[in-house]
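Remarks on the structure that follows.
The values are calculated or read from the model by the stated rules, or taken from the named source; none is laboratory data. Note that this is a predicted model, so its numbers are computed, not measured. Every residue, glycine as well, gets a Cβ built from its backbone with ideal geometry; the counts of neighbours run over all protein chains shown. In case anyone asks, the SASA skips ligands and DNA or RNA and just uses the protein heavy atoms, side chains included. Shrake-Rupley method; radii C 1.70, N 1.55, O 1.52, S 1.80 Å.
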Amino acid sequence: DQVTGNLLVGEATPAFSGTPEREGYVFAGWNPAVSATVSGDVTYTATWKPDRNGNGIADEEEQKYTVTYTDGVDGEEVFADQAYGNLLSGTDTPAFGGTPTREGYRFGGWDPEVSKTVTKNVTYTAKWEKLYTVTYTDGAKGKAFKDQVYDNLLSGTATPAFDGKPTRRGYTFSD
């Protein structure tokens, strides 16, 4: 607090010495408004406006942004869009709530890559990698051997080999 005493009515109101500062806020003026001259005893109280991103601009005066996460799948909804609005530039980008999953696919990240902080309106679209299945089956009635199934394979990975040697009574296996 700064207190100035022994002032006469009609004198110029003394100015505040320094700059009012408060972490997480910007100074918004005095209440009541400072009078040009002294007219009696008065207390001027600093008023503040939130500044969550610490850029020196009151939050209410800044542009707000929206971050949206979407599944990127046409024709079916794998998960509902998650939208986070009213975000300030420079604040942490909100994370996707949950784990993106899709039958027959592996989640491959977001497009574009999720930014650490909010800088604009942005939509992050899930990327999906198709998973494949390789099955070795005997092709005979009566099952000469049990099927061997290899699931969740990505395109471009090596085809898993048949485990063992295919056998069938009365036949010789040829590739």
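For the range 146-175, the tally of residues that are free of Cβ contacts under 8 Å to residues at least 24 places away in the same chain and under 25 Å from Leu131 (Cβ atoms) stands at 13.
Listed here are the residues, each with its yes/no results for (1) within 23 Å of Val118 (Cβ to Cβ); (2) in a loop (DSSP other than H, G, I, E, B); (3) among the polar types (S, T, N, Q).
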position	(1), (2), (3)
Val9	no, yes, no
Ala15	no, yes, no
Lys49	yes, no, no
Tyr84	yes, no, no
Gly98	yes, yes, no
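Does the range 5-19 include one or more residues that are open to solvent by less than 90 Å² (accessible area, probe 1.4 Å), of a type in the set (D, E, K, R) and either more than 20 Å from Ala58 (Cα to Cα) or touching a Phe, Trp or Tyr at 6+ places or on another chain (Cβ under 8 Å) (or both)? The answer is yes, given that some residue of the range 5-19 is open to solvent by less than 90 Å² (accessible area, probe 1.4 Å), of a type in the set (D, E, K, R) and either more than 20 Å from Ala58 (Cα to Cα) or touching a Phe, Trp or Tyr at 6+ places or on another chain (Cβ under 8 Å) (or both).
Within the range 71-78, not a single residue is part of a strand (DSSP E or B) and either open to solvent by 30 Å² or more (accessible area, probe 1.4 Å) or modelled with pLDDT under 95 (or both). The set of residues in the range 92-112 being open to solvent by 30 Å² or more (accessible area, probe 1.4 Å), of a type outside the set (Gly, Ala, Ser) and in contact (Cβ under 8 Å) with a residue 12 or more places away in the chain consists of Asp92, Phe96, Thr101, Arg102, Tyr105, Arg106, Phe107, Trp110, Asp111, Pro112.
Hey, any hits in the range 117-138 for a residue that's hydrophobic (A, V, I, L, M, F, W, C), modelled with pLDDT of 95 or more and open to solvent by 60 Å² or more (accessible area, probe 1.4 Å)? Taking every residue of the range 117-138 in turn, none turns out to be hydrophobic (A, V, I, L, M, F, W, C), modelled with pLDDT of 95 or more and open to solvent by 60 Å² or more (accessible area, probe 1.4 Å).
If I filter the range 1-23 for residues that are at pLDDT 95 or above, small (Gly, Ala, Ser) and touching a Lys or Arg at 6+ places or on another chain (Cβ under 7 Å), do I get at least one hit? Checked the range 1-23: no residue is at pLDDT 95 or above, small (Gly, Ala, Ser) and touching a Lys or Arg at 6+ places or on another chain (Cβ under 7 Å).
Here Glu61 meets each of (1) under 30 Å from Gly24 (Cα atoms); (2) loosely packed, with under 12 Cβ neighbours inside 10 Å; (3) at pLDDT 95 or above with one exception, condition (3). Number of residues in the range 104-127 that are farther than 16 Å from Thr70 by Cα and of a type outside the set (A, V, I, L, M, F, W, C) equals 5. Within the range 158-175, if we keep just the residues that are closer than 24 Å to Gly104 by Cβ and surrounded by 10 or more Cβ atoms within 10 Å (Cβ to Cβ), the residue that is modelled with the highest pLDDT turns out to be Pro160.
Applying a threshold of 8 Å to beta carbon distances and a minimum spacing of six or more residues, or different chains, the list of pairs starting in the range 49-73 at a residue that is hydrophobic (A, V, I, L, M, F, W, C) and ending at one that is open to solvent by less than 40 Å² (accessible area, probe 1.4 Å) and part of a loop (DSSP other than H, G, I, E, B) reads Ile57/Asp51; Ala58/Asp51; Val67/Thr93; Val67/Pro94; Val67/Val118.
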